[in-house]
1. Which of the listed residues, Trp46, Thr125, Val28, is farthest toward the dipole's positive end in the stretch 24-164, when Lys, Arg count +1 and Asp, Glu count -1 at the beta-carbon?
2. With Kirkwood's inverse mean 1/r over C-alpha pairs for Rh, give me the Rg to Rh ratio of the chain, two decimals please.
3. How far is helix 2-19 tilted off the main Cα axis of the chain, in degrees rounded to 10, range 0 to 90?
4. Mind counting lysine pairs for me in the chain? Cα separation below 13 Å, and the two need to be 8 or more apart along the chain or on different chains.
5. Using only DSSP helix segments of four residues or longer, with each worth -39500 (n - 2.57), what per-residue ellipticity at 222 nm results for the chain after dividing by its residue count and rounding to 500?
Amino acid sequence: MNKKVLMSAIALLTLSMLIVSPVKARTVETYQSHIEAALVDPGKQWISEEGILHIKNSYWKGTEEVIVPGTLGTAIFEEWYDSLSLDLATGKGTLTVKWKLTFPGGTIEGSARGIISQGYLVSGTFVGTHGTNDFEGVKKMGSIDGILLDPQHMEAEISGIIVFP
């Protein structure tokens, strides 16, 4: 009988060791960068009867120079507008976008949303949770302050955090 109890205890101990996975330490770092991008494809644009400019599926491409952490360097920046609505009379609006950063070691993808003021200033938030290769499991989130320099060029300052698994 004692042999059965001992075998059962060993089996339970072995099973519990297999079930409990080791906890990995995550590294959270400050993230700051500067984006410069140009319009590649204007997508679909129209002005409603109410004077609202609508833009869908426009595509922008440029670079994101990562300042902190300094080890990341510069990435290719791509952005696709899901929607942009801008009241031409007030200069106020909203936008939602998908974005992708391509570094030599992999990619990070995510989304952003923001508000437009004065017709050319953008402030909002972003989150990136889809990474490949060196960036698998990486999460990036924070805020955006951008400016439309002209109808075909933009710049933005990014600040937030990046979490490495």
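1. Working it through, the farthest residue towards the positive pole turns out to be Val28.
2. Radius of gyration relative to Kirkwood radius: 1.26.
3. It works out to around 20 degrees.
4. Lysine pairs meeting the criterion: 6.
5. When only DSSP H runs of four or more count, the value is -3500 deg cm²/dmol.
We did not get these values from a lab; they are worked out from the coordinates using the rules stated. Everything numeric here is computed off the predicted structure, so don't read it as measured data. When we count neighbours, we look across all protein chains shown, and the Cβ atoms used for this are built from the backbone with ideal geometry, even at glycine.
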